[in-house]
1. Scan the range 414-434 for residues that are of a type in the set (Asp, Glu) and part of a helix (DSSP H, G or I) and report the count.
2. Just to verify a result, which residue in the range 116-131, among those that are of a type outside the set (D, E, K, R) and over 16 Å from the mean Cα position of the chain (by Cα), is nearest to Arg62 (Cα to Cα)?
3. Inside the range 264-278, can you point out the residues that are within 12 Å of the ligand (Cβ to nearest atom) and either of a type in the set (Ser, Thr, Tyr) or touching a Pro at 6+ places or on another chain (Cβ under 7 Å) (or both)?
4. Condition first: over 13 Å from Ser270 (Cα atoms) and more than 15 Å from the ligand (Cβ to nearest atom). Now tell me which residues in the range 144-166 satisfy that.
5. Would you please name the residue that is nearest to the ligand (Cβ to nearest atom), looking only at residues in the range 288-301 that are under 16 Å from Pro96 (Cβ atoms) and in a helix (DSSP H, G or I)?
6. Picking from Ala259, Ala193, Ala187, which residue would you name as being away from the ligand (no atom under 16 Å from the Cβ) and not in a strand (DSSP E or B)?
7. Among the residues of the range 164-177, is there at least one that is within 16 Å of Ala259 (Cβ to Cβ) and within 19 Å of the chain's Cα centre (by Cα)?
8. Does the range 134-163 hold any residues that are under 26 Å from Gly52 (Cβ atoms) and aliphatic (A, V, I, L, M), and which are they?
Amino acid sequence: MRTGFDPAVRLVEREYVTNPPRMKTSTPNLPRAGKYFRASVASSAAIFSGNGFLAGFLGAPREPFVLLGDANTLAALERIGVRAQSNDVVVNLGAPLRLDDPLVERTLPQIPRGLDHLVVVGGGTLNDLGKLIAHERGSRLTLVASCASMNGWISPNASIVRGGNKISVPAVAPAQVLLDDALLGAAPRDLTAAGFSDALSGLFACRDWLLASRADLAPYDADVADGVRRSLAPLGAALADDGFDASSSLATLIDALLAGGLAMDAAHTSAPASGAEHLVAHAIDLHELARGLPPTLHGHAVAAGSLLVAALWDIIAQGGFGPPMPLSADARIGALCTWLPTMTAAAPFVVRAKLTREATRAPAIDLAAMASAAPELPRVDRLRGWLTCAGAPTTAASLGLDRTFFKSALLCARDLRDRYTVFDLAFALGVLPGRTDEVLTRSGLFAVCT
Ligand SMILES: [Zn+2]
């Protein structure tokens, strides 16, 4: 039996939300995204999802609040006819690119004391900024999602750049998440494409989660993994349809992103939504940070990671493994830190912790056999088709990255986090490092466009 669930989850069914002004909340057994989970889901946030309800929701008589956004998200809100009331305080941050401590310090003085409800309209960066500000001020937090680009809405954590690394810090979970199709559907196509990629990566993340449970006896919840997979089935079907249209699949995408967030909440780990493909995305983040480059959208980076991982699983599924070439701890640490120097402090701990478990780890060949009996993954060609259909990048060049970077990702990204993934399995099976070039070619990331 699971513990730590909050049965008071209040997800709203779509048909209720389209009928303001009074919101009816569903019973815990009838949540929209929760339909993918057998038991109750875990979020303590009230999640409102529907089409065109924001104006009624924010326009109703209420206490004033602080409305925090940037130039783009506040304008988008206005375009769908949602305006702050005269006694609200609107804080426009311009266009923040990255969430770091200076941004928090710059923003805090702009948030008046005395208003204890903070409403944030934005995507991932602004959401996380709101979580930190609300944490600092003890405010009630409402998130108005301006795009369906990632699945972190309900998480109580924030990703922040600190000391050249991007880390996750505890903040505060929103009390309410408002997902209005009218606003989300008007978001730039790139952002929605990123959401498709982030959602789809759940298939690979859940495979890694299962793998880690078999390899290292990491905690695993089959119901949650099954819920994630079921939430993604309609997304895959929509993307495989010749007549795919992102706007008509928006509700399916929102459901899948919510399911990913709820899965992480229910499992008390990011594992159901973050596997090896997210390690590649993290590496892209660190690479860009070190060079002062503008950040790639999270979902776009995840798309590239997913293509690498799908190619690797395809090759593992073929069998015919060579002898492994074990690397010493020092060699692994040295390789990672040469590639991503800001990992210097953390790398020894990660690598040594993983190596410590080698003595008790299940044999790689058994893990590969287990994987072949696990729920099927999309082959890399199918994934590339889905991503292309969604408008996500499928080449390294479109992300401004080269073959050397992705080669390093295959060889070193496994040690960015202390969690067993397909990268570790590939080394144990002798697929890596020997067949690195084959994986890169199969991923299609270096296809030449004609
Ligand atoms: Zn993600």
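1. The number of residues fulfilling the criteria is 2.
2. Once the filter is applied, the top-ranked residue is His117.
3. Within the range 264-278, Met264, Ser270, Ser274 qualify.
4. Hits for the range 144-166 are Val144, Ser146, Ile160, Val161, Arg162, Gly163, Gly164, Asn165.
5. His298
6. Ala187
7. yes
8. Leu141, Leu143, Val144, Ala145, Ala148, Met150, Ile154
The values are calculated or read from the model by the stated rules, or taken from the named source; none is laboratory data. Worth saying up front: this structure is predicted, and the values here are computed from it rather than measured. Positions of Cβ are backbone-derived with ideal geometry, glycine not excepted, and every protein chain shown enters the neighbour counts.
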